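Encoded as structure tokens, the structure appears first; notes follow it.
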Amino acid sequence: MAMAAVDFADPASEAQLEALAEKLRARNFEVVIVQDGAEAKAEVLKRIPEGAQVHSGKSKTLEDAGLFKEFMEGDRFDFVRKRTMKLDQRTQRDEIRRLGAAPDVMINSAHAVTEDGQIVVTSASGSQIGPIASGAGQLILVIGSQKIVPDLDTAFRRIREHVFPYEDARLREAIGIGTKITRTLILDQDFMPGRTTVILVREPIGV
């Protein structure tokens, strides 16, 4: 039987957002609901102490919110990527790996979040998986409402059918090679509250 068509770019309803927020809070995640990328950016920045070491994935969501530009061009924080971009990928790989492994704050998005509150992140290199899972002191996730899906099966389908084609095409255009899905992380809950903040954005943002 063919699977039903799903538009993975459609925003969620306010009722869906509020219900998800309660599910996430029950899993020890702090939750804030904002309207758009500008509000998400403000919420992220006010949560980061000045001078903190900050790391992030190369996220379309963070780019759309203006956060990646803020980190790259600003001087309020010690942005790990600014340091690693100056290092030689061939001869200084260990230093690059260590720099990104345990930042004070990890800023990222997710590729899907289930209505029950399970957050799914996938990666090609896996470099952001470690700090998201446990390495970073604080984790802030910015997630557009279009990423809310009914269950894990649909989350994986969203990644295969919607996220992967976009990322693969983007990389092929930028560097001439595609991407792979080699690591997938499910954040089921935090052991104790206080580490993870989820910023849910009403308007679609990112992929």
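The values are calculated or read from the model by the stated rules, or taken from the named source; none is laboratory data. Just so it is clear, the model here is predicted, and its values are computed rather than measured. When we count neighbours, we look across all protein chains shown, and the Cβ atoms used for this are built from the backbone with ideal geometry, even at glycine.
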Q | Lone unmet requirement of (1) surrounded by fewer than 18 Cβ atoms within 10 Å (Cβ to Cβ); (2) out of contact with any Asp or Glu (no Cβ under 8 Å at 6 or more places or on another chain); (3) farther than 24 Å from V207 by Cα for P103 | A | (1)
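Residues checked against (1) under 30 Å from S125 (Cβ atoms); (2) among the aliphatic types (A, V, I, L, M); (3) without any contact (Cβ under 8 Å) to a residue 12 or more places away in the chain:
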{"site": "E39", "(1), (2), (3)": "no, no, no"}
{"site": "L45", "(1), (2), (3)": "yes, yes, no"}
{"site": "A52", "(1), (2), (3)": "yes, yes, no"}
{"site": "L67", "(1), (2), (3)": "yes, yes, no"}
{"site": "V80", "(1), (2), (3)": "yes, yes, no"}
{"site": "T91", "(1), (2), (3)": "yes, no, yes"}
Q. What residue, of I181, I140, I199, is surrounded by 15 or more Cβ atoms within 10 Å (Cβ to Cβ) and over 25 Å from K23 (Cβ atoms)?
A. I181
Q: Filter region 8-67 down to the residues that are basic (K, R) and closer than 11 Å to I205 by Cβ, then identify the one that is nearest to the chain's Cα centre (by Cα).
A: K60
Q.
All but one of (1) modelled with pLDDT of 95 or more; (2) touching a helix residue (DSSP H, G or I) at 6+ places or on another chain (Cβ under 9 Å) hold for A26; state the number of the condition that does not hold.
A. (2)
Q: Using the structure shown, decide if I148 is in contact with a helix residue (DSSP H, G or I) (Cβ under 9 Å, 6 or more places away or on another chain), at pLDDT 95 or above and of a type in the set (A, V, I, L, M).
A: yes
Q) Which of the residues belonging to region 155-200 are in contact with a helix residue (DSSP H, G or I) (Cβ under 6 Å, 6 or more places away or on another chain) and over 25 Å from R25 (Cα atoms)? A) G178, T179, R183
Q. Hey, among I177, I205, which residue is of a type outside the set (D, E, K, R) and closer than 24 Å to I140 by Cα?
A. I205
